[in-house]
Amino acid sequence: MSSPELFTISPVTLASYVRTCLRLVHFTGLIMGFGGAVFLDLMFSRYRKSPVTEELADNVEWLSKFVALGLALLWVSGLGFLVLYHYVEPEKLLNPKIWAKIVIVAILTLNGVAIHKLVIPFVRRRVGGQLLAGMTPRKHATLVGCGVVSLVSWTMPLVLGAVPQLNFAVPCALLLAAYAAVLGQAFLIANFVLLRDSGNAAIPASPGLDKADPSLAPS
């Protein structure tokens, strides 16, 4: 066998290697994003009645960057899969589940921008006071919305990827409708719990925290 033949890789084999690499990147992004999002929500739940410290604010910001890195890996691997399917398995581009996942990841991206622009600065301003003290329902809705969208939107790609029976079987619109229904229910439950806790809060807010927070004002 000649040297050129020895190092020749067939297109099928090359596609298999590329697919494996993309899966590793994709799973890494999901683990980082989902794990970080769950940890963030648990942290907010744990300390929602406690005074906000600099350490807590630093941890929230660090975890948010960790989740953002996972989201970036998800985009890289997702776009890589689209290119791979285009050249190797074009029929898979007709799978509605793929496009539902893309829409959900796009929503995750917008939510991530909102967290970095609104939530993290808000937490920084609450240092020294209780997170929920003196908050208006609108502020509650903003914070709860970001948290719920993050957790539900990271969970959905895991669920969709784990259920192959949905491939080519369920329309994209129906998958997104189910996603929206879960978002709505989770938002109502979480907002009710936080509003109840805020009403029972015993620790007063720090001076100035009862003023309107421009970071959470509607655009």
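Table for the structure above
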quantity: Rounded FRET efficiency, nearest 0.05, which uses the C-beta distance separating Ile102 from Arg124 and R0 of 30 Å; calculated: 0.35
quantity: Most positive-pole-ward Cα, Ala186, Trp99, Ala15, against dipole of region 14-201 from beta carbon charges; calculated: Ala186
quantity: Percentage relative contact order, region 14-201, counting C-alpha pairs under 8 Å, at least six apart; calculated: 31 percent
quantity: Helix-only CD estimate at 222 nm, as mean residue ellipticity for the chain, using -39500 (n - 2.57) per DSSP H run (n ≥ 4); calculated: -24500 deg cm²/dmol
quantity: Built amide H within the under 5 Å cut-off of Lys49, gap 5+; calculated: none
quantity: FRET efficiency for Lys92 and Leu63, using Cβ-Cβ distance with R0 set to 35 Å, rounded to 0.05; calculated: 0.55
quantity: Rounded to whole Hz, the Karplus (6.51, -1.76, 1.60) HN-Hα couplings of region 121-131, x for glycine and proline; calculated: x, 5, 4, 4, 6, 8, 4, x, x, 6, 4
quantity: Length added when fully stretched, Thr109-Gln165, from 0.36 nm per residue minus Cα-Cα; calculated: 17.5 nm
quantity: Around Gly36: net Lys/Arg minus Asp/Glu count, Cβ-Cβ under 15 Å; calculated: -2
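FYI, it's all coordinate maths here, none of it is from the lab. Remember, predicted model here, so these are calculated numbers, not experimental data. Using ideal geometry, Cβ is built from the backbone for each residue, glycine included, and neighbour counts are taken over all protein chains shown.
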